[in-house]
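Student: Quick one: the structure is below, and I'll ask about it shortly.
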Amino acid sequence: MQFNRNVFIHINPCLMVCAPPLSGSVPPYYREVYEAIRSKIDERVQVEVFQRLLSRTDLPSAVQGQIAEHVDYTDGFLSKLSLYKALALIALAQQGKQPSPKLLENCIQEFPKPQLGEFKDLQTLRMQPTQESPLTVSQTLGKLLARDTVQVELIPEKKGLFLKHVEYQITSQHFKISVYRRYSDFDVFHELLLQRFAYRMVPALPPKRMLKGVLTSMSERDFIEGRRRALGRFINLVARHPFFSEDELVKTFLTFNGSDVQVKMRDACKKMGDEFMTNTMATLAKEYLPADIQAQFSSSRELIRNIHNSFHKLRDRAEKMAERSKENATDLLMFGRELSTLGSDGSPIPSLASSQSTWGILRQSLKGLSVEFALLADKGAQQGRREEDDVVEKLNLFLDLLQSYRDLCERHEKGVLHEHQRALQKYGMMKRQMMSATVQPKEQVSVEQLESRIVQQENAIQTMELRNYFSLFCLHQETQLIFTYLPITSHILGAFVNSQVQGHQEMGAVWNDLQQKLGCLFGVDEMQSPPLTAK
């Protein structure tokens, strides 16, 4: 029997208020039905679920419509009291009575029990919310990247590159504001992020100081530039994270203009607590986790570990290619300078060679070639920077994310799980002590203290179990984010190919110009390059 959904749509808005108090007492069965079909998010009952419930009563469609007209709802949900009212009307209608609120007003005894079939089947009526399951992260790479783009620039004119510290200008495209931060501000921000979102992927920060031995391979300026890039990747991953981006802590870091930003962030974090304390899903996470969550976690973790290893090798190769482009640019520049030096040699040509050799004319022509080779060197350097900015940096961004996932997995295993196991061991020891105390006479105060400690430990274990399920819940969502980011592979490959095409076209154009110039300077015959050795 099809229920008319439009009944719920055309109810007079004036009826969309809390139902009046029921005269009769509510039987336990009503509460059991409510617990079986209520939404697990806001503890109300969806209209669609109630429709399914109503269709199980086998009442005529006209009677079902009459009951629906007397049921109050708001935003597609029934309150607990509205459901109780509906259950009473169903029971009265099943008795052959005309469903009406007046019947409820006249009922001073316990309300009758409706016939709804097997009680165990009621839970199957409960639907997930009209939106996707809270466990599902509905994102695309485009949506994540569009959340924000944060620029991190050095402010050398204010603090200098070789003083005790540097300062960064942070510009958020989303918040449309620029603020100034020091590394210590990033450090505190990172610490608080880990406290607030212990069950999420929090990217690591670059090192604060140069490590021993670093100076042998790079200058301090290069180190600071590398750290600036790493800070940029860190803040962009944070600003684009769907569970970080609108958090008060992140907003404070990206928008607060005062000098005491660290105090401001600590105060904000202290007021909010960690995510377990503020997320509405914290105590409900277990109900949404799939039965094979551990198997899914293990397989996903292994796959992501393999992806991480492959991307690490890709990054290393891309870095070498970018470095070779820069080295090639240096070699081209030096090649041109040596030609210029050769052409600038003013030593007189011996008389024995002057009559037959054209070296004097050629030598004069070599002076101007350094311009073309300098241009080639410039194009080569640009190619190296493109490979570094467009390819290596994108690979590093994704590697930072993959590493944060691996760090999260370790925190889950070494943190929540380990603490839960320790708490269970402590609880077992306390129970054994309690059994021993009941067998052997001891002071009553000591037994009571032990009982109190056991109760406290039971509460602690219960909280840890909830945190463990919430940690798995978050881990499942973070795993989805990794796979959401995976299409960045096409962005990286596109950037790599485009950089190569652009670089080869630009350098090819200069080489062609140089070839034509050499033809004019030295003649076509000299440019044919005959073989110097016999085959």
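The values are calculated or read from the model by the stated rules, or taken from the named source; none is laboratory data. Predicted, not measured: the structure shown is a model, and the values here were computed from it. Positions of Cβ are backbone-derived with ideal geometry, glycine not excepted, and every protein chain shown enters the neighbour counts. Heavy atoms of the whole protein, side chains included, go into the accessibility calculation; ligands, DNA and RNA do not. Shrake-Rupley method; radii C 1.70, N 1.55, O 1.52, S 1.80 Å.
Student: Can you find a residue in region 78-92 that is modelled with pLDDT of 85 or more, of a type in the set (Lys, Arg) and part of a loop (DSSP other than H, G, I, E, B)?
Tutor: Restricting attention to region 78-92, the residues satisfying the condition of being modelled with pLDDT of 85 or more are 78-92.
From what is left, the residues that are of a type in the set (Lys, Arg) are 80, 85.
Subsequent filtering for residues that are part of a loop (DSSP other than H, G, I, E, B) retains none.
Scanning region 78-92 turns up no residue that is modelled with pLDDT of 85 or more, of a type in the set (Lys, Arg) and part of a loop (DSSP other than H, G, I, E, B).
Student: Of these, LEU333, LEU339, LEU366, which one is more than 18 Å from GLN500 (Cβ to Cβ), open to solvent by less than 90 Å² (accessible area, probe 1.4 Å), touching a residue at least 40 places away in the same chain (Cβ under 8 Å) and hydrophobic (A, V, I, L, M, F, W, C)? Spell out the reasoning first.
Tutor: Values: LEU339 fails: touching a residue at least 40 places away in the same chain (Cβ under 8 Å); LEU366 fails: touching a residue at least 40 places away in the same chain (Cβ under 8 Å).
Exactly one residue qualifies, and that residue is LEU333.
Student: Sticking with this one: Name the residues in region 473-489 that are aromatic (Phe, Trp, Tyr) and open to solvent by less than 10 Å² (accessible area, probe 1.4 Å), would you? Let's see the steps before the verdict.
Tutor: Of region 473-489, the ones aromatic (Phe, Trp, Tyr) are 473, 483, 485.
Answer for region 473-489, where residues must be aromatic (Phe, Trp, Tyr) and open to solvent by less than 10 Å² (accessible area, probe 1.4 Å): just PHE473.
Student: Now for a different question. Looking at region 307-325, which of its residues are crowded, with 17+ Cβ neighbours inside 10 Å and among the basic types (Lys, Arg)?
Tutor: ARG315
Student: Just to be sure before I move on: is LEU472 part of a helix (DSSP H, G or I), at pLDDT 90 or above, within 30 Å of GLN294 (Cβ to Cβ) and in contact with a Leu (Cβ under 7 Å, 6 or more places away or on another chain) in the structure I sent?
Tutor: yes
Student: Against the condition over 16 Å from TRP511 (Cα atoms) and either open to solvent by 60 Å² or more (accessible area, probe 1.4 Å) or modelled with pLDDT of 95 or more (or both), how does ALA353 come out, does it pass?
Tutor: no
Student: Output the number of residues of region 98-116 satisfying the condition of being open to solvent by 20 Å² or more (accessible area, probe 1.4 Å), out of contact with any Leu (no Cβ under 6 Å at 6 or more places or on another chain) and not small (Gly, Ala, Ser). Give the steps one after another, and end with the answer.
Tutor: Residues of region 98-116 open to solvent by 20 Å² or more (accessible area, probe 1.4 Å): 98, 100-103, 105-110, 112-113, 115.
With out of contact with any Leu (no Cβ under 6 Å at 6 or more places or on another chain) added as a condition, the list becomes 98, 100-102, 105-110, 112-113, 115.
If we keep only those that are not small (Gly, Ala, Ser) as well, we get 98, 101-102, 105-110, 112-113, 115.
Residues flagged as open to solvent by 20 Å² or more (accessible area, probe 1.4 Å), out of contact with any Leu (no Cβ under 6 Å at 6 or more places or on another chain) and not small (Gly, Ala, Ser) within region 98-116 amount to 12.
Student: A further question follows. Restricting to region 206-249, give me the number of residues that are modelled with pLDDT of 95 or more, within 15 Å of THR171 (Cα to Cα) and open to solvent by less than 40 Å² (accessible area, probe 1.4 Å).
Tutor: Total satisfying the criteria: 10.
Student: Still on this structure, please answer the following. Is it fair to say MET281 is modelled with pLDDT under 90, aliphatic (A, V, I, L, M) and touching a Leu at 6+ places or on another chain (Cβ under 8 Å)?
Tutor: No.
Student: Quickly run through region 273-306 and pick out the residues that are more than 18 Å from GLN480 (Cβ to Cβ), surrounded by 15 or more Cβ atoms within 10 Å (Cβ to Cβ) and of a type in the set (A, V, I, L, M).
Tutor: Those that are more than 18 Å from GLN480 (Cβ to Cβ), surrounded by 15 or more Cβ atoms within 10 Å (Cβ to Cβ) and of a type in the set (A, V, I, L, M): ALA282, LEU284.
Student: Can you name the residue in region 356-398 that is among the β-branched types (Val, Ile, Thr) and modelled with pLDDT of 80 or more and is also farthest from SER325 (Cα to Cα) among such residues?
Tutor: VAL371
Student: Taking interchain pairs and intrachain pairs at least six residues apart, which have beta carbon atoms under 6 angstrom, with the first residue in region 40-55 and within 17 Å of THR74 (Cα to Cα) and the second part of a helix (DSSP H, G or I) and open to solvent by less than 10 Å² (accessible area, probe 1.4 Å)?
Tutor: From region 40-55, the pairs are VAL45/ILE37; VAL45/LEU83; VAL47/PHE8; VAL49/ILE37.
Student: Something else: I need a count of the residues in region 94-103 that are part of a helix (DSSP H, G or I) and modelled with pLDDT under 90.
Tutor: The qualifying residues number 3.
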